[in-house]
Amino acid sequence: AAKVLARWSLRRAPTVDEMLLYRKWTEEWGFTEDAVIAACREITATDKPNFKYLDAIIESFHAEGLTSAQDILRGIESRRRRKEMCADITRALGLRASVSNATELLRLYEHFSGLGFTDSAMLMAATMLSMEGRHTLADLSARLNHWYESGTVSDEALAERTRQDSDAGR
């Protein structure tokens, strides 16, 4: 717990409650000291880091089964990549970024990723929709569901479908 405080440049002893949280992470949940310190990277979103916020971060890693420093660093990178892709999709759709859009899009992104869609396929759908004047997350969901139901999930299948659609439009 003292190393966490030192990482935050706080020069004081940990409180009893902070020590209890640290023990929960390490003794009950199996996090190593290095893993706790690695999780501190996620706390840069606040100018006043604290154990309560760190507890929520570590709890999310625990729920994902990420307890080693290496796993946490990979998890942080994966989260960063998902957020960036969601931002790219938001821009491609022509949407304004908002907390509600970001939350819903992340849910959609994870759902359609789980169905086998690649980042490029989801970005292609968003770009196509925007060119058609359709700019909502509901439009994106409907398009991806339609593609999924027709068995068009892989990048190769989408490229072929796009070629067929453009040939039919000539």
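Structure summary
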| item | result |
| --- | --- |
| Å² of accessible area per residue within segment 95-162, as computed with a 1.4 Å probe and no ligands counted | 55 |
| The chain - percent of accessible surface contributed by carbon and sulfur, probe 1.4 Å | 53 |
| Correct option for P(r) over Cα pairs in 5 Å bins from 0, in percent [calculated from the coordinates] among (i) 1, 8, 14, 15, 13, 10, 10, 9, 7, 5, 3, 2, 1, 0, 0; (ii) 2, 10, 19, 22, 20, 14, 9, 4, 1, 0; (iii) 1, 7, 12, 13, 11, 8, 7, 6, 6, 5, 5, 5, 4, 4, 3, 2, 1, 1, 0, 0 | (i) |
| Nearest-ten-degree value, helix 155-168 long axis tilted from longest Cα axis of the chain | 30 |
| The chain - mean residue ellipticity at 222 nm from DSSP helices (-39,500 (n - 2.57) per run, n ≥ 4, rounded to 500) | -21500 deg cm²/dmol |
| Extreme residue, positive dipole direction of the chain, given options C40, T67, L10 (C-beta unit charges) | L10 |
| Burial order of peptide ranges 30-42, 14-26 (average beta-carbon count within 10 Å, highest first) | 30-42, 14-26 |
| Accessible area per residue, Å², segment 7-73 with all protein chains present, probe 1.4 Å | 62 |
| For segment 147-153, Karplus couplings with θ = phi - 60° (6.51, -1.76, 1.60), whole Hz, Gly/Pro x | 4, 4, 5, 8, x, 9, 10 |
| Helix axis angle, 99-114 relative to the chain longest principal axis, alpha carbon, degrees | 70 |
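The values are calculated or read from the model by the stated rules, or taken from the named source; none is laboratory data. Because the structure is predicted, anything quoted here is derived from the model rather than measured. Backbone-built Cβ (ideal geometry, glycine too); neighbour counts: all protein chains shown. What goes into the accessible areas is simple: the full protein's heavy atoms, side chains included, and nothing from ligands, DNA or RNA. Shrake-Rupley method; radii C 1.70, N 1.55, O 1.52, S 1.80 Å.
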